[in-house]
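Accompanying notes for the structure given below.
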Amino acid sequence: SSGINAEWPLRPGTADISSLVSDQSRIVNEEIEFEDYLRASFSYDKSGRVPVCVNQIIEKIPQDCAVLDAGCGTGNYMGPLVKSGKVKSYIGMDVNEGMLFHARKKAAALRNNDAVHADVTTLAGSLLEDLPFGDNVFDVVVLNQVLPHISDIRVHNKTKYISQMLVEFSRILKPGGVLSINTCTHDQLSAVWYNNAMPEACEMLKFRTPDIDELKVLIESSGFTDFSFTKDTQPLQGN
């Protein structure tokens, strides 16, 4: 189906979910300066990106779970999660229409696959504001390589929106739910060859990306407990 599953009641006052691409001035003026994802979306999957740590995520999620893929991009994690047999309902949410164009095609292919029994849909929406879902409706939230895009470098507290987003994740997750965050340490960012070729861009990326110690504080202050960190050696993009 292409609509929102009944298991995910919308938050009051957010019936028109198609209009949730918000804070457009920031998207236009800042994100494109950082990286033009509308243009990049058409070569994104061709660049060799793989859904790193997806097996670890699948091991930890419960059977018949409802999943929010927050900042899903082109939907790299959609197929492995849905095809695992453990996902009953999946929403891939992203603010970028270019990314969603490709994610929607993947979602349609999964819905047309007789071997897939999960409800799979996509949603245009921003992680910079309150999420359009009721309380305690998801078993799993995954956030993959999204943190640098949530940091607001224009203000003194650049992690303001990250903190707000984590609080929202805590609200929409069921008690005992799973939050999976995939990110890079500053050492990992420095080790990527193309980042070394662009030192100024690498420093900006590190400035936008909370390092692990800072991320721990943000997670704890948002009410999450019983969390762990796993370092994966699989390349994020090609070899």
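The values are calculated or read from the model by the stated rules, or taken from the named source; none is laboratory data. Note that this is a predicted model, so its numbers are computed, not measured. Don't worry about glycine lacking a Cβ; one is built from the backbone with ideal geometry, like all the others, and counts go over all protein chains shown. With ligands, DNA and RNA removed, areas are computed over all heavy atoms of the protein, side chains included. Shrake-Rupley method; radii C 1.70, N 1.55, O 1.52, S 1.80 Å.
Okay, here's what the table says:
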| read-out | value |
| --- | --- |
| Contour excess over end-to-end distance, with Cα ends at residue 108 and residue 230 and 0.36 nm allotted per residue | 40.7 nm |
| Flagged links, alpha-carbon separation over 30 Å, of 174/216; 106/160; 83/158; 88/160; 106/158; 86/106 | 106/160; 83/158; 88/160; 106/158 |
| Point-to-point label distance, residue 167-residue 190, nm (Cα→Cβ direction, 7 Å offset) | 3.4 nm |
| Nearest-20 debye value, region 171-214 charge dipole, Cβ charges on Lys, Arg, Asp, Glu | 380 debye |
| Three-way shape label, region 150-232, alpha-carbon gyration tensor, a/c 1.5 | oblate |
| Probe 1.4 Å, accessible area per residue of region 89-206, Å² | 44 Å² |
| Anisotropy class of region 80-156 from Cα gyration tensor, a/c 1.5 cut | prolate |
| Derived scalar couplings ³J(HN,Hα) [region 60-68; Karplus, 6.51 cos²θ - 1.76 cosθ + 1.60; whole Hz; x for Gly, Pro] | 8, 7, x, 5, 6, 8, 9, 10, 10 |
| Alpha carbon centroid spacing (whole Å) that separates region 67-104 from region 136-199 | 16 Å |
| Highest-first arrangement of 73-81, 58-66, 133-141, where packing means the average Cβ count within 10 Å | 73-81, 133-141, 58-66 |
| Shape of region 140-189, Cα gyration tensor, a/c cut at 1.5 | oblate |
